[in-house]
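Take a look at the structure set out below.
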Amino acid sequence: MSRAVVVHSSDARAPYWAPVVACLRRHVVGDACAVDVITEQEREPSQHQHPLFNCYPAGTADFASRLATYLGQEQASARFVLYTQDDFVFFDDIPTQLLQGAQALMEEDEDVIFVRFLNKSEQASIKYGLVHAKTCSSPPSALASHAEHCVVSYDDNSPWLFSHQATLWRADVFRTCVGRGGETAFENEVFGTRRLQKLVRARRRTCKMFGVCVDAYRTVVGHPGQPGELNGYGEALMPYARSVCAARARNGARNESAGAKIDSASSLSALLHSSSCVTPALDVDSRDAVAKYDRQHQLVMRVQVAMRAQAKCIICPMCSRAFDSLAGMYSCDHACADDKAFVSRLRYGGTPT
C-alpha cells in the first residue's frame, strides 16, 4: 500500500464520522480511495465496513496509544499517511493534482518528510510568529503549480512542528512522531515536536518540511469553556457536511431501487459515490459565516501576540518558572499538564529564570 488515509476519532464523535469523511472524499482524496476511521470500542464485524469508510477500533487507551496501535498493526506497509482529525470539515477542493504532486515530490526526494495543508488558523499562526515558517522563494514545482496561495517551509525550531493538522506524512517519520503512546492529543503535539526535532537534527542531510496554503477546511469543534461543542465554524459547516453525506445516501438508494446489485461494502460505496450523484455546494451565507469567524479568530490571535510582545516572558502556571519564549516554556516538565488547565492559566511578564 502506497498511501493510507486516516481520520482519528473517538466514539463520542460518531455522529461526525460519515459527514466528515463524505467531505474528505468529495474535496480531497476522491471516491476511489479507502478511508480509515480510528475509533475506540470493539464492534460487530458487520459494523467495521461502512460505505464511506473502514472502522478501525483501537481500544479505549489514550489518544497517542490508539494512533500508535493503528499505525503498528494496520498500516505497517504504507509509505505515506494522509492524516486528519475527526473535527476537520473540508468545504472546498484541494486539487487532486496537488495531493498527487505532494506524494510524487516525497517519492522523488527522500529529504521531504511532510507536506501540510494549511487552513486559516495555521496560516495566522505563521503570520503572527507562533509557528516558525517562511515563504518559499523557489518552492517545488509539484506544489507551486497547484497552490492557490503560497508555499512555506518550516523551521525545525518551531514549537508546533508536529501538528494534527491535515498533513501528508512520510509514514516512518509519522510513526516516530506519534511515539509509543501514553499522551493526550495536546501532549502528543508537544512531545511529538521534540521527537521530530531530534530526528531532523540527527540526520546528516537537510530535511524539508513544507506547508501549502489551501484554505479548504476548518476545525469545527471546540472553543474556550466548551471543548466538545460546535464552534462558529461548526455551526456554519456541519449542516453542509451532513447535506453532502445525505446526498450520497440518496444516490445509493436510487441506484438500489433501480436494480443495481450490491454484494459488498465496496460496491455500495461505488454506488454512493457514482458520478450521477448530485451534491450541494457551500452556500453564500455559510461562507460569510466562516469569513466572519475567521476575522474573530485572527483578532483573538493578535491580542495574544500583543500580550506576549509586551511581556518579557511566559510563566508556567504549575511551577511559576518564567521562560523567554513559547518554545522554551514547553521544555518545562509541567507542559504535559491537561490542555485546558495549562493553557488557560498561562501568564506573561516577569523575568526569565
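The values are calculated or read from the model by the stated rules, or taken from the named source; none is laboratory data. Because the structure is a prediction, the values reported are computed rather than measured. Methodologically, a virtual Cβ is constructed for each residue, glycine included, from the backbone with ideal geometry; neighbour enumeration extends over all protein chains shown. The accessibility values were calculated without ligands, DNA or RNA, using every heavy atom of the protein model including side chains. Shrake-Rupley method; radii C 1.70, N 1.55, O 1.52, S 1.80 Å.
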Worksheet, complete the sentence: The percentage of the accessible area of region 103-242 (probe 1.4 Å, all protein chains present) made up of carbon and sulfur atoms, to the nearest whole number, is 47 percent
Fill in: Heavy atoms of residue 128 accessible to a 1.4 Å probe, total area in Å² rounded to 10
50 Å²
Practice prompt. Return the FRET efficiency for the residue pair residue 107, residue 320: r is the Cβ-Cβ distance, R0 is 41 Å, and the value is rounded to the nearest 0.05.
Written response: 0.25
Practice prompt. Run the 1.4 Å probe and let me know the accessible area of residue 284, rounded to the nearest 10 Å².
Written response: 100 Å²
Item to complete: Take the Cα radius of gyration of region 1-132 and divide it by 2.2 N^0.38 Å, with N its residue count; two decimals is plenty.
Response: 1.10
Worksheet item: In whole Å, how far is the Cα centre of region 89-141 from that of region 7-29?
Response: 21 Å
